[in-house]
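Chemist: Quick one: structure below, then a few questions.
The values are calculated or read from the model by the stated rules, or taken from the named source; none is laboratory data. Quick caveat, the model's predicted, so the values are computed rather than measured. Methodologically, a virtual Cβ is constructed for each residue, glycine included, from the backbone with ideal geometry; neighbour enumeration extends over all protein chains shown. Heavy atoms of the whole protein, side chains included, go into the accessibility calculation; ligands, DNA and RNA do not. Shrake-Rupley method; radii C 1.70, N 1.55, O 1.52, S 1.80 Å.
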Amino acid sequence: MDWLKKRKKKAFLLKIDFEKAYDNVNWHFLLSMMSQMGFPEKWCTWVKGIFASSRASILVNGSPTFQFNSEKGLRQGDPLSPFLFLIVMECLSWMLDKAKSIGEHRGISWSANDMNINHIFYADDALIMGEWSRSNLQCTARILRVFYLCSGLRINLHKSNLIYSGSVRIMRRLIA
(Lines give C-alpha, C1' and ligand atoms only; values in the text may rest on other atoms or scores of the structure.)
Protein backbone atom coordinates (compact mmCIF):
# COMPACT_ATOMS: atom_id res chain seq x y z
CA MET A 1 0.00 0.00 0.00
CA ASP A 2 2.87 2.38 0.75
CA TRP A 3 4.31 1.75 -2.71
CA LEU A 4 0.93 2.44 -4.33
CA LYS A 5 0.38 5.63 -2.33
CA LYS A 6 3.87 6.99 -3.07
CA ARG A 7 3.28 6.52 -6.79
CA LYS A 8 -0.30 7.84 -6.53
CA LYS A 9 -1.69 4.75 -8.23
CA LYS A 10 -5.40 4.07 -8.12
CA ALA A 11 -5.65 0.43 -7.14
CA PHE A 12 -7.56 -2.05 -5.02
CA LEU A 13 -6.51 -5.01 -2.92
CA LEU A 14 -9.20 -7.55 -2.09
CA LYS A 15 -8.12 -9.83 0.74
CA ILE A 16 -10.43 -12.84 0.57
CA ASP A 17 -11.29 -15.26 3.32
CA PHE A 18 -13.19 -18.31 2.13
CA GLU A 19 -16.00 -19.48 4.39
CA LYS A 20 -15.02 -22.86 5.90
CA ALA A 21 -12.70 -23.36 2.93
CA TYR A 22 -11.84 -27.04 3.40
CA ASP A 23 -15.38 -28.01 4.40
CA ASN A 24 -17.05 -26.70 1.24
CA VAL A 25 -14.90 -28.00 -1.63
CA ASN A 26 -17.06 -29.61 -4.32
CA TRP A 27 -15.63 -33.10 -4.97
CA HIS A 28 -16.85 -33.33 -8.57
CA PHE A 29 -15.18 -30.02 -9.34
CA LEU A 30 -11.89 -31.12 -7.75
CA LEU A 31 -11.86 -34.41 -9.65
CA SER A 32 -12.65 -32.56 -12.89
CA MET A 33 -9.76 -30.16 -12.22
CA MET A 34 -7.39 -33.07 -11.58
CA SER A 35 -8.43 -34.66 -14.86
CA GLN A 36 -8.04 -31.40 -16.79
CA MET A 37 -4.61 -30.87 -15.24
CA GLY A 38 -3.49 -34.24 -16.58
CA PHE A 39 -3.43 -36.31 -13.41
CA PRO A 40 -3.44 -40.02 -14.26
CA GLU A 41 -6.83 -41.75 -14.01
CA LYS A 42 -5.42 -43.98 -11.26
CA TRP A 43 -4.68 -40.95 -9.06
CA CYS A 44 -8.17 -39.55 -9.65
CA THR A 45 -9.63 -42.92 -8.66
CA TRP A 46 -7.56 -42.94 -5.46
CA VAL A 47 -8.77 -39.46 -4.52
CA LYS A 48 -12.34 -40.46 -5.35
CA GLY A 49 -11.89 -43.46 -3.05
CA ILE A 50 -10.73 -41.17 -0.24
CA PHE A 51 -13.86 -39.07 -0.72
CA ALA A 52 -16.16 -42.12 -0.82
CA SER A 53 -14.71 -43.49 2.42
CA SER A 54 -15.17 -40.29 4.42
CA ARG A 55 -17.60 -40.60 7.31
CA ALA A 56 -18.48 -38.25 10.13
CA SER A 57 -20.39 -38.25 13.38
CA ILE A 58 -21.43 -35.51 15.75
CA LEU A 59 -20.89 -35.38 19.51
CA VAL A 60 -24.16 -34.79 21.38
CA ASN A 61 -23.69 -34.32 25.13
CA GLY A 62 -20.28 -35.97 24.82
CA SER A 63 -21.54 -39.08 23.01
CA PRO A 64 -21.04 -39.66 19.27
CA THR A 65 -24.10 -40.06 17.07
CA PHE A 66 -24.39 -42.50 14.19
CA GLN A 67 -21.95 -42.10 11.30
CA PHE A 68 -23.06 -40.52 8.04
CA ASN A 69 -21.42 -40.09 4.65
CA SER A 70 -19.91 -36.77 3.64
CA GLU A 71 -20.82 -35.23 0.30
CA LYS A 72 -18.28 -32.43 0.02
CA GLY A 73 -15.22 -30.98 1.66
CA LEU A 74 -11.68 -32.03 2.46
CA ARG A 75 -10.65 -33.74 5.68
CA GLN A 76 -9.10 -31.42 8.24
CA GLY A 77 -5.70 -32.75 9.28
CA ASP A 78 -5.30 -35.07 6.29
CA PRO A 79 -1.80 -34.50 4.86
CA LEU A 80 -3.23 -34.66 1.32
CA SER A 81 -5.89 -31.95 1.89
CA PRO A 82 -3.62 -28.88 1.44
CA PHE A 83 -2.44 -30.22 -1.93
CA LEU A 84 -6.00 -30.94 -3.07
CA PHE A 85 -7.02 -27.44 -1.98
CA LEU A 86 -4.19 -25.98 -4.10
CA ILE A 87 -5.65 -27.77 -7.13
CA VAL A 88 -8.99 -26.06 -6.48
CA MET A 89 -7.28 -22.66 -6.11
CA GLU A 90 -5.41 -23.26 -9.37
CA CYS A 91 -8.75 -22.83 -11.12
CA LEU A 92 -9.25 -19.37 -9.59
CA SER A 93 -5.71 -18.47 -10.60
CA TRP A 94 -6.38 -19.62 -14.15
CA MET A 95 -9.63 -17.63 -14.32
CA LEU A 96 -7.92 -14.43 -13.14
CA ASP A 97 -5.01 -14.92 -15.56
CA LYS A 98 -7.41 -15.58 -18.45
CA ALA A 99 -9.38 -12.41 -17.65
CA LYS A 100 -6.10 -10.47 -17.58
CA SER A 101 -4.89 -11.95 -20.87
CA ILE A 102 -8.10 -10.99 -22.72
CA GLY A 103 -8.08 -7.48 -21.22
CA GLU A 104 -11.07 -7.89 -18.90
CA HIS A 105 -9.06 -7.61 -15.67
CA ARG A 106 -6.17 -5.23 -15.18
CA GLY A 107 -3.67 -6.04 -12.46
CA ILE A 108 -1.11 -3.69 -10.97
CA SER A 109 2.04 -2.86 -12.94
CA TRP A 110 4.88 -2.95 -10.45
CA SER A 111 7.85 -1.95 -12.56
CA ALA A 112 9.02 -0.33 -15.76
CA ASN A 113 9.28 -3.73 -17.45
CA ASP A 114 5.50 -4.00 -16.93
CA MET A 115 5.48 -6.87 -14.44
CA ASN A 116 1.73 -7.04 -13.93
CA ILE A 117 0.32 -8.95 -10.94
CA ASN A 118 -3.37 -9.54 -10.28
CA HIS A 119 -3.38 -12.14 -7.49
CA ILE A 120 -1.37 -13.85 -4.77
CA PHE A 121 -2.41 -17.01 -2.92
CA TYR A 122 -1.11 -18.50 0.29
CA ALA A 123 -2.72 -21.60 1.82
CA ASP A 124 -6.46 -20.79 1.93
CA ASP A 125 -5.96 -17.01 1.70
CA ALA A 126 -6.26 -15.03 -1.51
CA LEU A 127 -5.29 -11.48 -2.39
CA ILE A 128 -6.71 -10.14 -5.64
CA MET A 129 -5.43 -6.78 -6.83
CA GLY A 130 -5.89 -4.48 -9.76
CA GLU A 131 -6.37 -1.00 -11.10
CA TRP A 132 -9.17 0.85 -9.37
CA SER A 133 -12.14 0.94 -11.72
CA ARG A 134 -15.74 -0.11 -11.56
CA SER A 135 -15.31 -2.50 -14.52
CA ASN A 136 -12.24 -4.13 -12.95
CA LEU A 137 -14.04 -4.72 -9.65
CA GLN A 138 -17.15 -5.99 -11.45
CA CYS A 139 -14.98 -8.44 -13.40
CA THR A 140 -13.43 -9.62 -10.12
CA ALA A 141 -16.89 -10.09 -8.60
CA ARG A 142 -18.08 -12.10 -11.63
CA ILE A 143 -15.01 -14.35 -11.50
CA LEU A 144 -15.51 -14.98 -7.79
CA ARG A 145 -19.21 -15.77 -8.33
CA VAL A 146 -18.46 -18.31 -11.08
CA PHE A 147 -15.67 -19.79 -8.95
CA TYR A 148 -18.09 -20.18 -6.03
CA LEU A 149 -20.73 -21.86 -8.20
CA CYS A 150 -18.17 -24.37 -9.51
CA SER A 151 -15.99 -25.01 -6.47
CA GLY A 152 -18.36 -24.45 -3.55
CA LEU A 153 -15.97 -21.92 -1.98
CA ARG A 154 -17.99 -18.94 -0.74
CA ILE A 155 -16.40 -15.66 0.34
CA ASN A 156 -16.79 -14.79 4.00
CA LEU A 157 -17.72 -11.12 3.65
CA HIS A 158 -17.21 -10.43 7.37
CA LYS A 159 -13.57 -11.54 7.27
CA SER A 160 -12.68 -10.23 3.80
CA ASN A 161 -11.37 -6.71 3.18
CA LEU A 162 -11.42 -4.31 0.26
CA ILE A 163 -8.46 -1.95 0.50
CA TYR A 164 -8.04 0.90 -1.96
CA SER A 165 -5.47 3.49 -2.87
CA GLY A 166 -5.82 6.86 -4.56
CA SER A 167 -9.54 6.88 -5.28
CA VAL A 168 -12.30 9.41 -4.81
CA ARG A 169 -14.34 8.87 -1.61
CA ILE A 170 -17.76 8.80 -3.36
CA MET A 171 -16.56 6.21 -5.86
CA ARG A 172 -15.19 4.06 -3.03
CA ARG A 173 -18.60 3.88 -1.37
CA LEU A 174 -20.37 3.06 -4.63
CA ILE A 175 -18.01 0.26 -5.58
CA ALA A 176 -17.65 -1.22 -2.08
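Chemist: At 0.36 nm per residue, and after removing the present C-alpha to C-alpha distance, how many nm does the segment from S133 to L162 gain when stretched out fully? Mind showing how you got there, number by number?
Modeler: Numbers: separation 29, 0.36 × 29 = 10.44 nm, distance 1.31 nm.
Gain on stretching S133 to L162: 9.1 nm.
Chemist: If you plug each phi of the range 154-164 into the Karplus form 6.51 cos²θ - 1.76 cosθ + 1.60 with θ = phi - 60°, what whole-Hz ³J(HN,Hα) values come out, in order, with x for Gly and Pro?
Modeler: Going residue by residue, I get 9, 7, 8, 5, 6, 9, 8, 9, 10, 10, 9 Hz, with x marking Gly and Pro.
Chemist: Follow-up. Which order do you get for H158, H105, H28 if you rank them by accessible area with a 1.4 Å probe, largest at the top?
Modeler: On the way: H158 180, H105 0, H28 150 Å².
Accessible-area ranking of H158, H105, H28, largest first: H158, H28, H105.
Chemist: If you plug each phi of the range 122-133 into the Karplus form 6.51 cos²θ - 1.76 cosθ + 1.60 with θ = phi - 60°, what whole-Hz ³J(HN,Hα) values come out, in order, with x for Gly and Pro?
Modeler: 8, 6, 9, 9, 9, 10, 9, 9, x, 5, 7, 7
Chemist: Sticking with this one: Pairs to check: K9/K100; K15/K159; K42/K98; K20/K159. Give those whose C-alpha atoms are more than 20 Å from each other in this structure.
Modeler: Details: K9/K100 18 Å; K15/K159 9 Å; K42/K98 29 Å; K20/K159 11 Å.
Correct reply: K42/K98.
Chemist: Using modelled backbone amide H atoms (1.01 Å from N, in-plane), which distant-in-sequence or interchain residues come within less than 5 Å of G130's amide H?
Modeler: HN-HN under 5 Å from G130: F12.
Chemist: May I pose another question? Assuming R0 = 35 Å, can you tell me the calculated FRET efficiency for the pair D97 and S53, based on Cβ-Cβ distance, to the nearest 0.05?
Modeler: Computed FRET efficiency for D97 and S53 comes out at 0.50.
Chemist: Using θ = phi - 60° and the Karplus curve 6.51 cos²θ - 1.76 cosθ + 1.60, what whole-Hz ³J(HN,Hα) does each residue of the range 86-101 get, with Gly and Pro shown as x?
Modeler: For the range 86-101, the Karplus-derived couplings read 4, 5, 4, 5, 4, 5, 4, 4, 4, 4, 5, 5, 5, 4, 5, 5 Hz, x marking Gly and Pro.
Chemist: Under the classification rounded if a/c is under 1.5, otherwise prolate if a/b is larger than b/c and oblate if not, where does the range 117-157 fall, given a ≥ b ≥ c as square roots of the Cα gyration tensor eigenvalues? Could you put the intermediate results ahead of the total?
Modeler: Numbers: a/c = 2.28, a/b = 1.24, b/c = 1.84.
It is oblate, given that a/c is not under 1.5 and a/b is not larger than b/c.
Chemist: What residues qualify as long-range amide H neighbours of R154, i.e. H under 5 Å apart, gap of 5 or more or another chain, H built at 1.01 Å from N?
Modeler: Distant-sequence amide H within range of R154: E19.
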